[in-house]
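Participant: First the structure, then my questions, so here it is.
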Amino acid sequence: MTQTLPFSLTLKPVGSTCNLDCSYCYYLAGDTGCGSPMDFRTLDKSIKNHIQSQPKHAKAVDFIWHGGEPLLRGRDFYLHAFQQQQHWAGNKSIANTFQTNGTLINHQWAQLFKTHNVMVGVSIDGPNLLNDISRIDKSGHSSFEKTVRGINLLKEHEVEFNTLTVINNRTYHHGAKIYQFLKDTGSTYLQFQPCIDHELDRRSDYDWSLNGEQWGRFLCDVFDQWCQEDIGKVHVQFFENCLMMLMGHPSQMCHHSEVCGQQLMLEKDGQTYSCDHYHYDDYQLGNALDNSLQELVAGGQQRTFAENKRDRLSQTCLSCDFLPLCNGGCPKYRMNFEEQQQGVSQLCDGYRMFFTYALPRLLKMVDAMNRGYSAKFYQLF
């Protein structure tokens, strides 16, 4: 089968190695890329493979550096990576994104990011008390001050950054406080990730997972804050994705796409998986040192993985008015791995709550946008 769609690649140069010990981390329970960090041979071959595996019509190639904590691999490693990217880029542009806890960012890192036009995603879960409920270092100490220091250095060096905030069952009721904190910190692009502490990944007896009602309450609280004065100024990924889908555009969030499978994960030893959240043996596609990534992403195993998201929807989903906006959510959130069955998402009630609550305003925003106005003028229509 010939691959015709561009795809993203999440690279794990240090595997699950991290300087933090986040309680809900889905990746630390089992390190799929054993041994030393990614070596330069694997790096070089993976970069060439990723660029050359993109379809000819693709104008940009995305590299997402993740972990663990990717900065632990050191600046020289990434300087070499950037050089290799340019060597093989041809007529394509290269986009680099780092997802980091921010604690290791200093002036040298910030300058490197600025020089090479890197987008930096910083993981932070809110103000100090909420962040440190689960985001602590290996010694049990707070990570908050170091993360905020990293954000301030990014701002000082004018590095483009956004924030990723995990919402768990001990923080969900602080939606307004978390939103205001992220604004005050200087983030203008906010991503909120619901915590589903899956049984295959759980690191302790405590389950950090949200239920649907908790997730819905958080979304509604943040939506109210956003609607007050921030539409067009603060970009909340989920809300703006809803607007784009209501206008007929495909989802930019894999969770809410009709099918998935365009975001491969590459481990430090070159092993490649269907998705960053499916780092299990059953979802291993092959090794990038031996296989074309184009063949892996277009192959039968990955096509089945991608289409199962749509083809295995429950009857509840198929009869739901909100299916065009939700598409059943992430398959992992509706998957019983022991029985290999998919049901309704654990967050279904939350999405129903949010769409019921927010759609009247979202549809007015769409009306304003279709008339050529900003969504912030929705109250005029």
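Participant: So with the 1.4 Å probe, I'd like the accessible area per residue for the chain, rounded to whole Å².
Facilitator: Values: 16860 Å² over 381 residues.
Counting only protein heavy atoms, the per-residue value for the chain is 44 Å².
Participant: Mean residue ellipticity at 222 nm from the helices of the chain, using -39,500 (n - 2.57) per DSSP H segment of n ≥ 4 over the full residue count, to the nearest 500 deg cm²/dmol?
Facilitator: Details: 13 runs with 143 residues, N = 381.
That comes out to -11500 deg cm²/dmol.
Participant: Once you charge only the Cβ atoms, +1 for Lys and Arg and -1 for Asp and Glu, what is the size of the charge dipole of the chain about its Cα centre, to the nearest 20 debye? Walk me through the intermediate numbers first.
Facilitator: Working: 34 positive and 41 negative charges, 209 e Å.
Here the size comes out at about 1000 debye.
Participant: Name the long-range amide H neighbours of Phe161: under 5 Å, sequence gap of 5 or more, or other chain; modelled H, no Pro or chain starts.
Facilitator: Long-range HN contacts for Phe161: Val120.
Participant: Per-residue counts of other Cβ atoms within 10 Å, averaged by peptide: what ranking do you get for 317-323, 101-107, 12-18, highest first? Show your work: numbers first, answer last.
Facilitator: Working: 317-323: 14.0, 101-107: 19.7, 12-18: 22.7.
Put in order of decreasing packing, that is 12-18, 101-107, 317-323.
Participant: Here's another thing I want to ask about it. Quick one: putting +1 on the C-beta of Lys and Arg, -1 on the C-beta of Asp and Glu, what dipole do you get for region 18-160 around its Cα centre, in Debye to the nearest 20? Don't skip to the answer; put the middle values down first.
Facilitator: Details: 14 positive and 14 negative charges, 118 e Å.
Dipole about the Cα centre, nearest 20: 560 debye.
Participant: For region 234-371, count the residues as N, evaluate 2.2 N^0.38 Å, and divide the Cα radius of gyration by that value, please. Walk me through the numbers before you get to the answer.
Facilitator: Working: Rg = 17.0 Å, N = 138, 2.2 N^0.38 = 14.3 Å.
My calculation over the Cα atoms of region 234-371 gives 1.19.
Participant: On to the next question. Amide H of Ala288 versus every other amide H placed in the peptide plane: which residues, excluding those fewer than 5 positions away on the same chain, fall under 5 Å?
Facilitator: Close amide H contacts, sequence-distant or interchain: Gln271, Thr272.
Participant: Note down the magnitude of the dipole of region 85-198 about its Cα centre, charges +1 on Lys and Arg C-beta and -1 on Asp and Glu C-beta and zero elsewhere, to the nearest 20 debye. Don't skip to the answer; put the middle values down first.
Facilitator: On the way: 10 positive and 9 negative charges, 15 e Å.
Once rounded to the nearest 20, the dipole reads 80 debye.
Participant: Radius of gyration and Dmax for region 170-279's Cα atoms, expressed in Å?
Facilitator: Every Cα atom of region 170-279 included, Rg and Dmax give 16.4, 48 Å.
Participant: Describe numerically, in nm with one decimal, the distance between label points set 7 Å from Cα along Cα→Cβ at His157 and at Trp88.
Facilitator: For His157 paired with Trp88, the spin-label model returns 2.5 nm.
Participant: Return the subset of Lys48/Lys309; Lys114/Lys233; Lys309/Lys332; Lys48/Lys92; Lys45/Lys268; Lys114/Lys155 for which the Cα-Cα distance in this structure is over 18 Å, preserving the input order. Numbers along the way, then the final one.
Facilitator: Details: Lys48/Lys309 30 Å; Lys114/Lys233 23 Å; Lys309/Lys332 10 Å; Lys48/Lys92 13 Å; Lys45/Lys268 12 Å; Lys114/Lys155 10 Å.
As for pairs spanning more than 18 Å Cα to Cα, those are Lys48/Lys309; Lys114/Lys233.
Participant: Moving on. Enumerate the amide H contacts of Val166 below 5 Å, restricted to partners 5 or more residues apart or on another chain; note that Pro and chain-start residues carry no placed amide H.
Facilitator: Ile124, Gln193
Participant: Here's another thing I want to ask about it. Give me the distance in nm between label points sitting 7 Å out from Cα along the Cα-to-Cβ direction at Arg203 and Ala58, one decimal.
Facilitator: For Arg203 paired with Ala58, the spin-label model returns 3.2 nm.
Participant: Once phi is turned into θ = phi - 60°, what whole-Hz ³J(HN,Hα) does the Karplus curve with 6.51, -1.76 and 1.60 give for every residue of region 126-133, x standing for Gly and Pro?
Facilitator: Each residue of region 126-133 in turn: x, x, 3, 5, 6, 4, 7, 4 Hz.
Participant: Further question: Mind checking which of Gln284, Val120, Cys348 is farthest towards the positive end of the chain's charge dipole, using Cβ charges of +1 (Lys, Arg) and -1 (Asp, Glu) about the Cα centre?
Facilitator: Val120
Participant: While we're looking at this one, here's another question. Dipole of the chain (Lys/Arg Cβ +1, Asp/Glu Cβ -1, origin at the Cα centre): which of Cys220, Tyr189, Ser93 lies farthest to the positive side?
Facilitator: Checking the options against the dipole of the chain, the answer is Ser93.
Participant: Taking the Cα-to-Cβ direction at Lys233 and at Leu79 and moving 7 Å from each Cα, how far apart do the two end points lie in nm?
Facilitator: 4.1
Participant: Please work out how much accessible surface Met245 shows to a 1.4 Å probe, ignoring ligands, DNA and RNA, in Å² rounded to 10.
Facilitator: Result for Met245: roughly 30 Å² accessible.
Participant: Sticking with this structure for a sec: Whole-Hz ³J(HN,Hα) for each residue in region 316-332, computed from phi via Karplus 6.51 cos²θ - 1.76 cosθ + 1.60 with θ = phi - 60°, x for glycine and proline: what do you get?
Facilitator: Ordered by residue, 3J(HN,Hα) equals 4, 5, 5, 9, 8, 5, 8, 3, x, 9, 9, 6, x, x, 5, x, 5 Hz.
Participant: Taking the Cβ of Ser134 as the centre, find all other residues whose Cβ is under 15 Å away and add up their charges (Lys, Arg: +1; Asp, Glu: -1).
Facilitator: Details: positive: Arg135, Lys138, Arg170, Arg202, Arg203; negative: Asp21, Asp125, Asp132, Asp137, Asp197, Asp201, Asp205, Asp207.
Residues close to Ser134 contribute a combined charge of -3.
The values are calculated or read from the model by the stated rules, or taken from the named source; none is laboratory data. Everything quoted here is computed from the prediction, not taken from an experiment. Glycine gets a Cβ as well: all are built from the backbone with ideal geometry, and neighbour counts include every protein chain shown. For the accessible areas, the whole protein counts, side chains as well, though only heavy atoms, and no ligand, DNA or RNA atoms are used. Shrake-Rupley method; radii C 1.70, N 1.55, O 1.52, S 1.80 Å.
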